[in-house]
Amino acid sequence: MRGAYTEVLRPPKRRDKPIENPQVLFWDTEFDEMGLISIQFGWFESGEFRSRIIYTSQLDLESLEKYVREIYQNGVVYLISHFSIAELHNLSDLWEADLDLIHKGLVGRWRELVFLDSFLHFWCGLDKVGESVGIEKLDIDRGRIREVYENNPELFERYALRDVEILAHAFMERRRWILEKWNVDILKCQTTAQTGMKIFLTNYLREPVEPLRLGWEIYTKKVGEEWREYRRKRWFYGGSKDRRFYALRCYWGGRREAFVRGVLRGHFEVWDVESMYPHMALLPLNLASTRWRKVRGWSEELEDAEGFIRVEFRFPEETKYPCLPVYDGRFPKLTFPLEGVSWCTLPELRLALEMDVEIERLEGWVWWPTEKEENHPLREFMSELLDIKRSSEKGSVEYETSKLLMNSIIGKFVQRNPQYTLRDILQVYRQLRDEEALREFLRKKKTRETIKQVESVASCFSPEWASTILGRARAVLGDLMRTSEALTGHTDSIFIRSGSSVSCHHLYQLQKLGSGLKREAEGDTLWIGRSAVYVLFNCGEVVKEAHHGYPTDEPFGEIVRRNLEARKSLIRKTRKKHIITPKEALRFGLPLGKNIVKEYNIRWDWDYKRKMMEEVNPWSNYTETRPWRSIDEILIELSLTRRTGRPLKCSL
């Protein structure tokens, strides 16, 4: 992976200046399956909000620019919409613009029109965005939008213009607040995560977090019609490659496990750790001056250390909640067996030692925190965001923004760049000038591979920080799971029987940091299908649900309720609306932005992260589970099950 052993998280060479007096235009469209109905624009003029609506059934880049120039006569104009695919798909010649796809947001430029997607900053619908600025979104049946337009034009116009009003006030309020507080302009940031990283790099990070070395870099540049190679000097990661290898191997996601399968009745509670990852980032993190040491074998001095470990381990047979992560390509899921080889962080290993684990062949890289590591720059940033969140009213611009900034920045430390980009595909399209030829190009793997980028990491890469923060979070959740004898756990929450104790030393550590456990919900019936798939009912009402891997537009809790009433897998198919993405439109010739309904088969099977004690009907009974002895035991079990021709256990 290119950059994994060269990139370092460090301050930028120069600070980006905010855009002075930007020309910002918010826009929205109303349409149905018959076509476009109207375009709405909103903008601020001398501090006052203005808006207009244009009724048209046709739109291309030239006509869009014409409408824009009636408001702003010249210069760069930032065109901002909420979930931009919905608006941009109305452009008949959209592919002529220079576009890129970020998550589900379409951004780009055409001449002096810059397209931005506010959904990448808010991550919620306009109804919730409106609540943050005190403007209520009007509600009408989108399926009858043309009927409303024809029969009640006044209501249609109020509805259409209200959306751009909400977006304009919310976006500009967020921009103003971030500019005043950190002097960062979100018009130059395409996502919340990018905004958070830029704030951190320019306001808090004062030096690289790893040692640097100066070296030569070879890069290519197009001159005329040919590509030429050039060399330039730049700073590279200058620390131990072996140490970074350990940091990369110890990077795993959050812990998600189900310890019971089926339906349970009684009294249950859901407890969430308040702002888990931001609080884990308050603890010491390594810096460029940190003194690392390669260790072999356990010693008491590691009780106060931080770092990354490779260890062979064996838990006692009676252990119900082992906590050392194991990943094996033969069974590509993160599991927590009783024995094996784990790449883990020291907090996870210390928790395992409390559980009387036996360890052998321990090797790793460790460091001991000093005052400098305790007062690292990310702590300063997270502390300020946590203070803002605590002092702000829930739902306000300050509350929602600080919450998004805190959680999004941690993922940036291990960001990988996409191997196929929309920009690369559009370059091919402009060369071919034929959509059918483009589809043929993308259909064949041999030609598709010619535009595939080398897998690479982003410039803000810091696996040491990411692995340390996530390892601490898994240790916290692991301790809470074993103390409370959890029924299931999901990243930062646990489901327990009422009356179970949650007191453990990790909870005390959380409380010292200003976090703690918050009871989110209670219920009398809990159904658990597998990890990250559950429904909690209370007096027949759904109070908490998760359906990872089961896409559906129908409320998942209602699907589970009907299966429970039937005491069998009554529903084996779900349907979900899907918006055709730019890549799908170009590759398969489908209409961009069109809503289609996808049908999915549901097997309701177990995830095999743990071994079920017995086979049961999960719609009428439940079974406890136990940890696997090892990855080999999982493979033997699955192999035997398949070889006998029987279905996988509990695929009911």
Scanning region 290-320 for residues that are open to solvent by 20 Å² or more (accessible area, probe 1.4 Å), touching a residue at least 60 places away in the same chain (Cβ under 8 Å) and within 32 Å of the chain's Cα centre (by Cα), which turns out nearest to residue 358 (Cα to Cα)?
-> 310
Any chance residue 517 is more than 20 Å from the chain's Cα centre (by Cα) and open to solvent by less than 20 Å² (accessible area, probe 1.4 Å) | no
Here are some residues: 383, 408. Which one is more than 20 Å from the chain's Cα centre (by Cα) and either touching a residue at least 24 places away in the same chain (Cβ under 8 Å) or assigned to a loop (DSSP other than H, G, I, E, B) (or both)?
-> 383
What's the number of the condition residue 574 fails, among (1) of a type in the set (S, T, N, Q); (2) within 18 Å of residue 489 (Cα to Cα); (3) assigned to a strand (DSSP E or B)?
-> (2)
Could you list, in sequence order, all residues of region 386-398 that are without any contact (Cβ under 8 Å) to a residue 60 or more places away in the chain, surrounded by fewer than 18 Cβ atoms within 10 Å (Cβ to Cβ) and not basic (Lys, Arg)?
-> 387, 391, 392, 393
Check every one of the strands (runs of 3 or more DSSP E) wholly within region 225-302 and list those with 2 or more residues that are modelled with pLDDT of 95 or more.
-> 256-258, 260-273, 292-296
Taking first residues from region 594-613 that are over 15 Å from residue 337 (Cα atoms) and assigned to a strand (DSSP E or B) and second residues anywhere that are open to solvent by less than 30 Å² (accessible area, probe 1.4 Å) and charged (D, E, K, R), the pairs with Cβ under 7 Å that are 6 or more apart or on different chains are none
Selection count where residues are more than 20 Å from residue 365 (Cβ to Cβ) and surrounded by fewer than 21 Cβ atoms within 10 Å (Cβ to Cβ), scope region 278-289 = 0
What residue, among those in region 250-270 that are more than 28 Å from the chain's Cα centre (by Cα) and of a type outside the set (A, V, I, L, M), is nearest to residue 341 (Cα to Cα)?
-> 262
Residue list for region 589-610, filter: at negative phi and either in contact with a Ser or Thr (Cβ under 6 Å, 6 or more places away or on another chain) or of a type in the set (A, V, I, L, M) (or both) = 590, 592, 596, 597, 600, 602, 603, 605, 607, 609, 610
Under the condition of being hydrophobic (A, V, I, L, M, F, W, C) and in a helix (DSSP H, G or I), which residue from region 538-566 is farthest from residue 268 (Cα to Cα)?
-> 566
Name the residue, out of 451, 469, that is at pLDDT below 90, closer than 26 Å to residue 103 by Cβ and of a type in the set (A, V, I, L, M).
-> 451
Scanning region 77-109 for residues that are open to solvent by 50 Å² or more (accessible area, probe 1.4 Å) and not charged (D, E, K, R) gives 92, 103
Name every residue in region 129-151 that is under 13 Å from residue 397 (Cβ atoms) and surrounded by 15 or more Cβ atoms within 10 Å (Cβ to Cβ), in order of residue number.
-> 129, 130, 131, 132, 133, 135
Within region 167-181, how many residues are surrounded by 20 or more Cβ atoms within 10 Å (Cβ to Cβ) and out of contact with any strand residue (DSSP E or B) (no Cβ under 9 Å at 6 or more places or on another chain)?
-> 3
Which residue out of 65, 45, 7 is open to solvent by 10 Å² or more (accessible area, probe 1.4 Å), free of Cβ contacts under 8 Å to residues at least 24 places away in the same chain, among the acidic types (Asp, Glu) and at negative phi?
-> 45
For residue 333, indicate whether it is open to solvent by 50 Å² or more (accessible area, probe 1.4 Å) and closer than 30 Å to residue 202 by Cβ.
-> no
Would you be able to tell me the number of residues in region 449-463 that are part of a helix (DSSP H, G or I) and either without any contact (Cβ under 8 Å) to a residue 12 or more places away in the chain or in contact with a strand residue (DSSP E or B) (Cβ under 8 Å, 6 or more places away or on another chain) (or both)?
-> 2
Selected residue (only one of 571, 528 is modelled with pLDDT under 95 and either within 25 Å of the chain's Cα centre (by Cα) or open to solvent by 10 Å² or more (accessible area, probe 1.4 Å) (or both)) = 571
Listed by first then second residue, the pairs whose first member lies in region 153-169 and is farther than 12 Å from residue 139 by Cβ, whose partner is of a type in the set (Phe, Trp, Tyr) and surrounded by 20 or more Cβ atoms within 10 Å (Cβ to Cβ), with beta carbons under 6 Å and at least 6 positions apart or on separate chains, are 164/26; 167/26; 168/26
Being closer than 18 Å to residue 16 by Cα, in contact (Cβ under 8 Å) with a residue 40 or more places away in the chain, open to solvent by less than 20 Å² (accessible area, probe 1.4 Å) and polar (S, T, N, Q) narrows it down to one of 202, 195, so name that one.
-> 195
Within the bounds of region 618-625, is there any residue that is open to solvent by less than 50 Å² (accessible area, probe 1.4 Å), at pLDDT below 95 and not basic (Lys, Arg)?
-> no
Pick from 214, 201, 205: which is closer than 25 Å to residue 289 by Cα and either basic (Lys, Arg) or modelled with pLDDT under 95 (or both)?
-> 214
Would you mind listing the strands (runs of 3 or more DSSP E) fully within region 39-120 where at least 1 residues are in contact with a Phe, Trp or Tyr (Cβ under 8 Å, 6 or more places away or on another chain), among the hydroxyl-bearing types (Ser, Thr, Tyr) and modelled with pLDDT of 95 or more?
-> 48-55, 77-81
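The values are calculated or read from the model by the stated rules, or taken from the named source; none is laboratory data. Predicted model, so just to flag it, every value in this text is computed and none were measured. Cβ: placed from backbone, ideal geometry, glycine included. Neighbour counts: every protein chain shown. The protein model used for the area step is the full one, side chains on, heavy atoms only, and it has no ligands, DNA or RNA in it. Shrake-Rupley method; radii C 1.70, N 1.55, O 1.52, S 1.80 Å.
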